[in-house]
Amino acid sequence: MAYFWFKAFHIIGVVVWFAGLFYLVRLFIYHVEANEEPEPAPAILKQQYTLMEKRLYSIITSPGMMVTVTMAIGMLATQPDLLKQRWLHVKLAFVALLLIYHFYCRHLMKKLEAGTCGWSGQQLRALNEAPTLMLVAIVLLAVFKSSLPTDATVWVIVAMVIAMVATIQLYAKKRKRDKEKLALETASESLTQ
């Protein structure tokens, strides 16, 4: 019975952790793009985003990660034979990558606060897709275990994920072009008046 309690809270931790990771990098994007706003907006926005990032990381994202990892250890302690299964080794490799991503986000957060982050909004949008790809891989491994299908269904799912990533990137480019067009129109109207 303990295994199921650990598993239930492990899933809750995963949901909280991923929610935090998805939103955290989205805040980074807004933080970087605040530089494109006219004064005094950048200073105000950067201060607000820094506060939001710190709170999100320390109150939601990191506790979600800790619950996830702690409950996973509990699951493995109650069923140590799981450690002999290859699918779990692959899943744990993805989790290790996710942990690196988690702590790299803290690094980026500190660079943003110091004003030394060299990432563009577009680069951060691409970075924001990494946890999505890891989530898909981790969930598929957890559900299918050693019988992960490699037929057309898997390739359809992979294509859907790639299409989703491409759509998000294209939307970001469109949004940027629309913003530039609006800025040109506003500047043009100012000159004609």
Reach of LYS110 by Cα under 27 Å, taken over lysines that are not fewer than 8 positions away in the same chain: LYS46, LYS54, LYS173, LYS176
Can you report the principal axis dimensions of the chain using only the alpha carbons, biggest first, rounded to whole angstrom? 75, 39, 24
Whole-angstrom gap from region 20-49 to region 117-193, using each part's C-alpha centre: 18
Can you work out ³J(HN,Hα) from phi for every residue in region 39-56, in order, using Karplus 6.51 cos²θ - 1.76 cosθ + 1.60 and θ = phi - 60°, giving whole Hz and x for Gly and Pro? 5, x, 4, x, 5, 5, 5, 4, 5, 5, 5, 4, 4, 4, 4, 4, 5, 4
Among LYS54, LYS111, LYS174, which one shows the highest mean-square fluctuation when the chain is modelled as a Gaussian network with alpha-carbon springs under 10 Å? LYS174
With a sphere of radius 14 Å drawn around the Cβ of LYS111, what net charge do the other residues whose Cβ falls strictly inside it have (Lys, Arg +1; Asp, Glu -1)? +2
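If you take every residue apart from ARG177 with its C-beta less than 15 Å away from the C-beta of ARG177, what net charge results, scoring Lys and Arg +1 and Asp and Glu -1?
With Lys, Arg at +1 and Asp, Glu at -1, the neighbours total +2.
Would you compute, from DSSP H runs of 4+ residues alone, the mean residue ellipticity of the chain at 222 nm, taking -39500 (n - 2.57) per run and dividing by the full residue count, rounded to the nearest 500?
It comes out at -28000 deg cm²/dmol, rounded to the nearest 500.
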Angle between the Cα long axis of helix 62-78 and the longest principal axis of the chain, 0 to 90 degrees, nearest 10? 10
Sequence-distant lysines (8 or more away, or on other chains) whose Cα lies within less than 17 Å of LYS7: LYS91, LYS145
Please identify, among ALA130, ALA72, ALA114, the residue showing maximal mean-square fluctuation in a Gaussian network model of the chain using a 10 angstrom Cα cutoff. ALA114
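Computed from the coordinates by the stated procedures, all read-outs in this text should not be read as laboratory data. For clarity, every value in this text was computed on a predicted model and none was experimentally measured. Counting neighbours? That spans all protein chains shown, and the Cβs are built from the backbone with ideal geometry, glycine included.
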